[in-house]
Amino acid sequence: MATEFDMSGKVAMVTGASSGFGVHFAKILAARGAKVVVAARRIDRLESLVAEITAEGGAALAVAMDVTNSDSIATAFDQSEAAFGTITLVANNAGIAEVKSAVKIDESSWDNMMDTNLKGVFIVAQQAAKRMMAAGVGGVIVNTASILGLRASFGQSSYSASKAAVVQLTKSLALEWAGKGIRVNALCPGYFLTEMTEAAFASPESMTFLASSPARRAGEMDEMTGPFLLLASDAGSYLHGVALPVDGGQSIGNM
C-alpha cells in the first residue's frame, strides 16, 4: 500500500496476540505488508489468527510466548528470526488487569501483575533491541500502557502502578536507544471493548461511567488503528518517548 503507513519490508512481532488489541495490531500490520509474528500463550488462537491473515494474502507465524518467562521470550525470538529474519517492529502488548481494592490485593496477585505488565514488557523490549543492535538495524517498539498509567481510578492500584511504570520505562528506553536508531513509544488506551474489559462493561455502573465521559462512549477498535500506525510506521520517525492517550478525552475528564 503506497501510503505513509506502508509496512512493507518490516518484520513485526505482536505479543498478547491471542485477543483484543493484539489481534487488531497483527491484522493491520499484515494488511499493510509486514511479516507478522503473533505471540501469546494460547497457541490455538494464534494458529487461527495466522490462518486468517494468510487467507488474506499476508505472511504470519505463530509462536508460543509467556512474557513472565525470559527463556520463553528468547525462544520465541529465535523462532521468529529463523522464519523471517530480525524483528524490526515490536507491538509490546501482552498484559493483564484486575479490579480490586488495594487492601484485598495479595502479594501473589501483585507480583503477577508486575511480572506480566512491567517485567514482561521490559524483557521483550530488551531482547528486541539487543537483536536489532547485533544485526546493525534500527527498529520500533510500541508498548501498550494505559490512561491509568497517567492518572488514577478507584480499585486499580496494582494495574495503574504497572502501567505508570511502563510509561516511564518507555521514556527511559527511548532515551537510551534513540542513538541506535530504535524508537520506543507507548500507546495509552482508554476504555475499549475487548475480551479483557467485556465483563466490566456489562454492568450498568460501567455504562453510566462511560456516558459521563467526554466522548460519552467506549472506543471502537478501528479508532486505535491510526494512532498505533503513527507510532509503529515511518510516519512517526521523529517520535521518541511519547505516551499517547487514545481515550476519547477520558484522561482529561472524570475518572
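For residue 182, the residues whose modelled amide H falls within less than 5 Å of its own, excluding neighbours fewer than 5 places apart on the same chain, are 139.
Calculated mean residue ellipticity, 222 nm, the chain: -12500 deg cm²/dmol, from DSSP H runs (n ≥ 4) at -39500 (n - 2.57) each, averaged per residue and rounded to 500. Under a model in which nothing but the beta-carbon of Lys, Arg (+1) and Asp, Glu (-1) is charged, the range 1-143 shows a dipole of about 240 debye around its Cα centre. GNM on the chain, alpha-carbon springs under 10 angstrom: the most fluctuating residue among 193, 169, 89 is 193. Can you give the net charge of the other residues whose Cβ lies under 14 Å from the Cβ of residue 182, counting K and R as +1 and D and E as -1? Counting the neighbours of residue 182, the net charge comes to +4.
Amide hydrogen proximity for residue 37: with H placed 1.01 Å from N in the peptide plane, the residues at 5 or more positions away or on another chain lying under 5 Å are 12, 13, 14, 61. Could you pull out the longest piece of the chain with no exposed loop GluC sites (Glu not before Pro) in it, calling a site exposed if DSSP puts it outside H, G, I, E, B and it has at most 12 other Cβ atoms within 10 Å? Between the exposed loop sites, the longest stretch runs 57-194. Spatial offset of the range 1-79 relative to the range 80-111 amounts to 16 Å, using the alpha carbon center of each.
Judged by the ratio a/c of the largest to the smallest principal axis of the C-alpha gyration tensor, the range 216-255 counts as oblate, that ratio being 1.5 or greater while a/b is no larger than b/c. Considering only 88, 170, 144, the Gaussian network model of the chain with Cα springs below 10 Å gives its largest mean-square fluctuation to 88. Electrostatic bookkeeping for residue 121 treats Lys and Arg as +1 and Asp and Glu as -1; over the other residues with beta carbon under 12 Å from its beta carbon, the sum is +1. Considering only alpha-carbon pairs that sit under 8 angstrom and 6 or more positions apart, the relative contact order computed for the chain is 18 percent. What's the longest uninterrupted piece of the chain once you rule out the chymotrypsin sites (Phe, Trp or Tyr not before Pro) that are loop residues per DSSP with at most 14 other Cβ within 10 Å? Longest site-free region, per DSSP loop and neighbour criteria: 1-153.
For residue 143, the residues whose amide H sits under 5 Å from its own are 92, 185, 186, 187, ignoring neighbours fewer than 5 places away on the same chain, with H placed 1.01 Å from N.
Candidate values (1) 1.23; (2) 0.96; (3) 1.42 were compared with Cα Rg over 2.2 N^0.38 Å computed on the shown model; the agreeing label is (2).
Legend: residue pairs 27/163; 27/119; 119/163, Cα-Cα distance threshold 23 Å; pairs beyond threshold, 27/163; 27/119. For the range 113-183, what class follows from the C-alpha gyration tensor (a ≥ b ≥ c being the square roots of its eigenvalues): rounded when a/c is under 1.5, otherwise prolate if a/b is larger than b/c, else oblate? It comes out prolate by the Cα gyration axes.
Counting Lys +1, Arg +1, Asp -1, Glu -1, what net charge surrounds residue 29 among other residues with beta carbon under 15 Å of its beta carbon? Charge balance in the 15 Å sphere: -2.
Quick note: the coordinates plus some simple rules give every number you see, no bench work behind them. Here the structure is a predicted model, which is why all the values come from computation and not from measurement. In this analysis, Cβ positions are derived from the backbone assuming ideal geometry, glycine residues included, and neighbour counts consider all displayed protein chains.
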